[in-house]
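Q: Mind looking over this structure? Questions follow.
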Amino acid sequence: MANDKPNQPQDESRRRFLKYSGTAIGGVVLGGVIGGLVGANLKDKDKEETPAAPQTATDNKDYNQALMFFNQDQFLTAEAAAERLFPKDDLGPGAKELGVAFFIDHQMASAFGTNSRDYMQPPYYKAEATQGYQLVFKRRELIALGLDALNGYSNTKYKKPFVEIAPEEQDAVLTAFESNDIELKDVPASNFFAMFLNLTLEGVYADPLYGGNKNMAGWKMRNFPGNQMSYTEYIEKEEFVKLEPMSLHDHLELG
Amino acid sequence: MATKLPKVPVVIVGMGWVGGIIAAELSKAGISVVGIERGKSRDTQDYYHVHDELRYAARYELMQDLSKETVAFRNTMKMRALPMRTYGSFLLGDGLGGAGVHWNGQYYRFLPYDFEIYSKTVERYGKKKIPENMTIRDWGITYEQLEPYFVKYEQMAGISGEKEIPSNIGAMSTPFPTGPMKKSPGMKLFENAAKKLGYHPYVIPSANLSEVYKNPDGVERAPCQYCGYCERFGCEYGAKADPVVTVLPVAKNTGKFELRTHSNVTKIIHDGKKATGVTYVHTPTGEEYTQPADVVILAGYLFTNVKLLLTSKLGEPYDPQTEKGSVGRNYAYQVNGASTSAFYEDREFNLAMGAGALGSSIDDFNGDNFDHSDLNFLHGANIRFTQTGLRPIQYQPVPADTPKWGAEFKKATIHNANRVLSVTGQGASMPNRYHYLDLDPEYKDAFGMPLIRMTFDFEDQDRELVKFIAQKTKAIADEMGATKTEIHDSIKQYNIVPYQSTHNTGGTIMGADPKTSVVNNYLQMWDAENVFICGASNFPHNSGYNPTSTVGALAYRTAEGVQKYLDKGGSLV
Ligand SMILES: Cc1cc2nc3c(=O)[nH]c(=O)nc-3n(C[C@H](O)[C@H](O)[C@H](O)COP(=O)(O)OP(=O)(O)OC[C@H]3O[C@@H](n4cnc5c(N)ncnc54)[C@H](O)[C@@H]3O)c2cc1C
Ligand code: SF4
C-alpha cells in the first residue's frame, strides 16, 4: 500500500477521514450530498493499490522561488523588513527562512495585488478613519513604492540601503514608517507599513502553496495542525493534542 | 432592448436561504418558479480544497465581488458617504446558496419579547423609557404565530440542540431533531462558571449536524467533523446546513424549478400598483432579459432588497427629516465589543479544532430577561463562549501592551495561540430615526445604478449596553480558572473596517401599520400586493442573536403567503 510510505501524507489523510467518518456515521447507507465524497475516497482507496510514481527529481531546488513582480532590490528590502517584523529566534525560523518575501512578491503579481475584487471607482476623497481604505493606490503600487521609500529613507539617514543597516536601525526606520513620523513625497508611510505587516503574517501562516510558510514551519511553531480532515475524535479531549500538520498539497488527488 | 421571456407564476431574486426555502416550498406545491441568482452555481465538490485560510478567509473567495457592487457608508448625515472599497465589517454572499454557504450555523430563535418589543417595554417601564429617536416597534407578528415556521426550518436543516431548553427563551412545541454538539473543555469551563453564578447555560443550537440526519424531504447529511474551517468556508461534508445541500436539490427534483445563475436583477417592472416582472442582465454576455411573472419575490439580502425598490421607484423612500416613507428605515446591526479574554499559563486548548456553531451561551442578560429600570439601555446580549476554529493568519492573540511586531510579538502570539478563551456578548441593535438606507448620490455599481448608502453609528444605547454586558462576561471569565483575564468594555463610533458580523437588518421592515412598514406579516408589500420581500431586511430591530433562524421562519411564512395570494389574490391581512 502506498500509504506505508512516510512521504505520502495524502494517503494518510484519506485513511483518517474514512476512519473517523466511519465511526461517526456508523452503518448508515449514504445518499444525497456526501455520497459523492465518500464514494470518491473509496474509489481512490482502491486505486492506491498501484504504487505512486517514484520521485525522480533529485535536486532540492525550489523552482517556485523566483520573482513575479519585485525587482531584485525590492525583493531584498522586503526580505529584510519582513525578517524584522517576524524574526528568527529560538522558537523557530523568521520571515526570511519561511519564504515570506516570495509570498509577498507572488501576491503582488496576483489579482489581489491589482485590487481586482475591490471597488476602485473614482472619485476619491479624504476619509474619516471609520470609512476604511480610500487611497487611489493599488496594493502593488503601495508596496513597491513603500519598499523603495524604505531604501530611500535609509540612504538619506544612514547613507546605506535598508538591507545594509544594523537591525536596530532597521527597526527605527520601520517604526518611523509605522507611526507616520516622516514626510514622504510619494507614499503614505503608515498605510504601507500596515499592509506590509499584514502581508508578512500571511506569508508566515498561509498554506505553503502560496510560497511562504516553507515546509509548514510557521504552523509547526504554533502547533497549528494545518488542514486535517476531521477532529471528531479530539474535540472533547481535555489534553492538548499535537498533530503533524498537513497542507493542501497533502489533499491533492490527481489522476 | 431586453429580450422578453414567457411569463411564469413566480420569479425569485436571489438564491440564498430565503430564495432557496421559498423555491422549495412553492415548487413542492406544484407552482412553477424561476430563481435568479447573480453569482455562480456551487456544490460540495467545490470545497475539497477549501481548508485554505488565505483564499477563503483573508481573500473572501466566496463573497460578493466588490469591484462590481458595494455599499457607501457614513456615520452621520453630516458626513459624505464613501464606498466600502475592501471588505471589513460584514461579508456579503454571492452565488448559489448566498451567505448560507459561508455562515457559521449558530441558530437562535428570537425571543418572544423581540416581536412585541415596543408594547412590552411600555408595559413594564412606561413610554418614557424609550429614548428620543429610538424607533423600536412591534413586528406585527407574535412569537406564537411564528413558532410553527421555526419548527419547519429546524426539521429541514436538522438543527442540533439540547432537548431541554432554558425557560428564559421562547418555548418550543417540537424539540430539536438532533442532539447537541459535542462539548469541548472550554465549553465545560464556561458552563460551570455560568452555573456557579446562577445563570442558565446551554449548548448553542447548531446547523452543523451533530449526527447523521435525514430530513422530511428525504435529504440525508453527514455529521460535522469539527474541522475548524467553517465560518467563511463551504462545508465539503454537507454537514453544515446550506441551501445548496438542503432546499435547492429538493426544488430541483420537483421539475418545477428553473435556476438561472450569472443573472443580475436590475429592476422591478411595475405600474405603481402591481409588479409585472423583473429585468436582469446575464453577466457573461451582458444581454438583458425581462422575466414577466404573477408574483415577484425579493430575496437578495437587505442591500439588494432596498436598492431594487428604490431604483425601481416602488414604495415610498424613507426620509429621516420628516419620518415619512418606509423603504430604507430602521437599519440596524449587531453590537459586539463586550468581551473578556481569559489567559491560561498552565494549559493549552485545542483551539484550531472547532465548528462554526460550536459553543455554549446564556440569555440571562438578553432581551428583557433582567430588570432594566436602573439601566440606560434596552435589550441586551447573548453571552457566549464559542469554539469556531482559530486559524493563524487572522488570529494573533496577545495580552494588552504587547508590541504589534518583532521578537516580542512573535513570542507572545506563539505562546498564546492555544491559551486564550474568550467570553463575548452578541448585543442587540436598536433602531434609530437617523440610521437608514437610501441611494448614494455619487457612486455607481457596474450596471450604472447608484450604490446603497448606509448611514449608521453607535449611540449611547450601544455604549451603555457594551459596558454592562462586558462586566457580565468578566464575571463569568473570572470563574473559569484562568491565570488572568482582560476585559474589553468600550466601543466608540461604528467603524466599517474591522469584521463584526454579517447581521445587517432593516430597510424593508414588517409591521401592522402600512405607514411605517414596507410589508405585512406575510411579507407581502403594502404598496404592491404581488411583491413579497423577505430576509433580515424585515426586522424592525436586531436581537442579541444571529438572525438566520428568524429569517428562515419568515421565509416559510412568505412561501405560505405566496400560495394564499396565488389562490385568492388581494391583501393577505
Ligand atoms: C461569515 C458569516 C457568518 C454567519 N454566521 C451566522 C450564524 O452563525 N448564524 C446566523 O443565524 N447567521 C449567520 N450569518 C448570516 C447568514 O449567513 C444570513 O443571515 C443568511 O445567509 C441570509 O440569507 P438570505 O437568503 O437572506 O441572503 P443571502 O444569503 O445574502 O442571499 C442573497 C442572494 O441573492 C443574490 N443576489 C443579491 N442581489 C441580487 C441581484 N440583484 N440579482 C440576482 N441575485 C442577487 C446574492 O448573490 C445571494 O446569493 C453569517 C453570515 C456570514 C457572512
Ligand atoms: S466545522 Fe463541521 S459543519 Fe463546519 S465546515 Fe467543518 S465539518 Fe462542515
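Q: Please verify whether the range B:214-236 includes one or more residues that are within 13 Å of chain A (Cβ to nearest Cβ) and closer than 30 Å to B:Leu314 by Cβ.
A: No, every residue in the range B:214-236 fails to be within 13 Å of chain A (Cβ to nearest Cβ) and closer than 30 Å to B:Leu314 by Cβ.
Q: Do we find a residue being more than 20 Å from the chain's Cα centre (by Cα), away from ligand 1 (no atom under 16 Å from the Cβ), surrounded by 21 or more Cβ atoms within 10 Å (Cβ to Cβ) and at pLDDT 95 or above anywhere in the range B:157-165?
A: Within the range B:157-165, none of the residues are more than 20 Å from the chain's Cα centre (by Cα), away from ligand 1 (no atom under 16 Å from the Cβ), surrounded by 21 or more Cβ atoms within 10 Å (Cβ to Cβ) and at pLDDT 95 or above.
Q: Determine whether B:Arg260 is within 14 Å of another protein chain (Cβ to nearest Cβ) and more than 16 Å from ligand 2 (Cβ to nearest atom).
A: Considered against the rule, which asks whether it is within 14 Å of another protein chain (Cβ to nearest Cβ) and more than 16 Å from ligand 2 (Cβ to nearest atom), B:Arg260 comes out as no.
Q: Hey, could you check the range B:123-137 for residues that are open to solvent by less than 60 Å² (accessible area, probe 1.4 Å) and more than 12 Å from B:Pro431 (Cα to Cα) and say which is nearest to the chain's Cα centre (by Cα)?
A: The residue in question is B:Lys129.
Q: Which one is farthest from B:Thr76 (Cα to Cα) among residues in the range A:111-128 that are open to solvent by 70 Å² or more (accessible area, probe 1.4 Å) and more than 7 Å from chain B (Cβ to nearest Cβ)?
A: Across the range A:111-128, the extreme among qualifying residues is A:Pro122.
Q: Which residue is most open to solvent (accessible area, probe 1.4 Å), if the candidates are limited to the range B:383-410 and must be in contact with an Asp or Glu (Cβ under 7 Å, 6 or more places away or on another chain) and not in a loop (DSSP other than H, G, I, E, B)?
A: Here the answer is B:Ala407.
Q: Follow-up question, since we're still on this one. Could you please give the count of residues in the range B:334-375 that are within 11 Å of chain A (Cβ to nearest Cβ) and within 16 Å of ligand 2 (Cβ to nearest atom)?
A: Here the count works out to 7.
Q: Report yes if B:Ala99 is in contact with a strand residue (DSSP E or B) (Cβ under 8 Å, 6 or more places away or on another chain) and within 30 Å of B:Gly569 (Cα to Cα), otherwise no.
A: For B:Ala99, the condition - in contact with a strand residue (DSSP E or B) (Cβ under 8 Å, 6 or more places away or on another chain) and within 30 Å of B:Gly569 (Cα to Cα) - is not met.
Conditions (1) surrounded by 19 or more Cβ atoms within 10 Å (Cβ to Cβ); (2) at pLDDT below 95; (3) among the acidic types (Asp, Glu), marked per residue:
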| position | (1), (2), (3) |
| --- | --- |
| A:Gly212 | yes, no, no |
| A:Gly226 | yes, no, no |
| A:Glu236 | no, no, yes |
| A:Glu239 | no, no, yes |
| A:Ser247 | yes, no, no |
| A:Gly255 | no, yes, no |
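Q: A:Thr232 versus (1) of a type outside the set (Phe, Trp, Tyr); (2) part of a helix (DSSP H, G or I); (3) within 8 Å of chain B (Cβ to nearest Cβ): which is the lone unmet condition?
A: So A:Thr232 meets the others, but not (2).
Q: Confirm whether A:Gln65 is closer than 21 Å to B:Arg55 by Cα and either more than 8 Å from chain B (Cβ to nearest Cβ) or assigned to a helix (DSSP H, G or I) (or both).
A: Yes; evaluated as a whole, the condition is true for this residue.
Q: For A:Glu202, indicate whether it is among the charged types (D, E, K, R) and open to solvent by less than 30 Å² (accessible area, probe 1.4 Å).
A: yes
Q: Would you confirm whether any residue within the range B:217-240 is closer than 16 Å to B:Gly354 by Cβ, small (Gly, Ala, Ser) and either without any contact (Cβ under 8 Å) to a residue 60 or more places away in the chain or crowded, with 24+ Cβ neighbours inside 10 Å (or both)?
A: For the range B:217-240, residues closer than 16 Å to B:Gly354 by Cβ, small (Gly, Ala, Ser) and either without any contact (Cβ under 8 Å) to a residue 60 or more places away in the chain or crowded, with 24+ Cβ neighbours inside 10 Å (or both): present.
Q: For the range B:46-61, which residues satisfy the criterion of being acidic (Asp, Glu), more than 7 Å from every other protein chain (Cβ to nearest Cβ) and assigned to a helix (DSSP H, G or I)?
A: B:Asp46
Q: If you take the residues of the range B:206-216 that are in contact (Cβ under 8 Å) with a residue 60 or more places away in the chain and in a loop (DSSP other than H, G, I, E, B), which of them is most open to solvent (accessible area, probe 1.4 Å)?
A: Applying the filter and picking the extreme gives B:Pro216.
Q: Sort through B:Val265, B:Val203 and tell me the only one that's touching a residue at least 24 places away in the same chain (Cβ under 8 Å), within 16 Å of ligand 1 (Cβ to nearest atom), more than 30 Å from B:Gly30 (Cβ to Cβ) and among the aliphatic types (A, V, I, L, M).
A: It is B:Val203.
Q: Here are B:Leu302, B:Leu248: which of them is within 10 Å of ligand 1 (Cβ to nearest atom) and either in a helix (DSSP H, G or I) or open to solvent by 30 Å² or more (accessible area, probe 1.4 Å) (or both)?
A: Unique residue meeting the criteria: B:Leu302.
Q: Which residue is most open to solvent (accessible area, probe 1.4 Å), if the candidates are limited to the range B:509-562 and must be aromatic (Phe, Trp, Tyr) and assigned to a loop (DSSP other than H, G, I, E, B)?
A: B:Trp526
Q: All but one of (1) within 12 Å of chain A (Cβ to nearest Cβ); (2) touching a residue at least 40 places away in the same chain (Cβ under 8 Å); (3) open to solvent by 10 Å² or more (accessible area, probe 1.4 Å) hold for B:Val71; state the number of the condition that does not hold.
A: That leaves (3) as the condition not met.
Q: Now for a different question. Tell me, yes or no, whether the range B:486-496 has at least one residue that is under 27 Å from B:Ser549 (Cα atoms), modelled with pLDDT of 95 or more and among the acidic types (Asp, Glu).
A: Scanning the range B:486-496, I find no residue that is under 27 Å from B:Ser549 (Cα atoms), modelled with pLDDT of 95 or more and among the acidic types (Asp, Glu), so the answer is no.
Q: Also: Can you tell me how many residues in the range B:152-176 are of a type outside the set (Ser, Thr, Tyr), closer than 10 Å to B:Arg109 by Cβ and not in a loop (DSSP other than H, G, I, E, B)?
A: Residues meeting the conditions: 1.
Q: B:Arg221 passes all but one of (1) among the basic types (Lys, Arg); (2) within 15 Å of ligand 2 (Cβ to nearest atom); (3) over 24 Å from the mean Cα position of the chain (by Cα); which number fails?
A: (3)
Q: So if I check each of A:Asp186, A:Asp181, which one is farther than 21 Å from A:Ala101 by Cβ, loosely packed, with under 15 Cβ neighbours inside 10 Å and in contact with a helix residue (DSSP H, G or I) (Cβ under 6 Å, 6 or more places away or on another chain)?
A: A:Asp186
Q: Scanning the range B:514-573 for residues that are aromatic (Phe, Trp, Tyr) and within 30 Å of B:Gly337 (Cα to Cα), which turns out farthest from ligand 1 (Cβ to nearest atom)?
A: Here the residue is B:Phe539.
Q: Against the conditions (1) closer than 22 Å to B:Ile117 by Cβ; (2) within 14 Å of chain A (Cβ to nearest Cβ); (3) not small (Gly, Ala, Ser), where does B:Phe539 fall short? Just the number, please.
A: Going through the list (1) closer than 22 Å to B:Ile117 by Cβ; (2) within 14 Å of chain A (Cβ to nearest Cβ); (3) not small (Gly, Ala, Ser), B:Phe539 breaks only (2).
Q: In the range B:261-280, which residues are open to solvent by 40 Å² or more (accessible area, probe 1.4 Å) and over 10 Å from B:Leu308 (Cβ atoms)?
A: Scanning the range B:261-280 gives B:His262, B:Ile269, B:His270, B:Asp271, B:Gly272, B:Lys273, B:Lys274, B:Thr276.
The values are calculated or read from the model by the stated rules, or taken from the named source; none is laboratory data. Given the structure is predicted, the values throughout are model-derived calculations rather than measurements. Cβ sites come from the backbone with ideal geometry, for glycine too, and all protein chains shown count toward neighbours. The accessibility values were calculated without ligands, DNA or RNA, using every heavy atom of the protein model including side chains. Shrake-Rupley method; radii C 1.70, N 1.55, O 1.52, S 1.80 Å.
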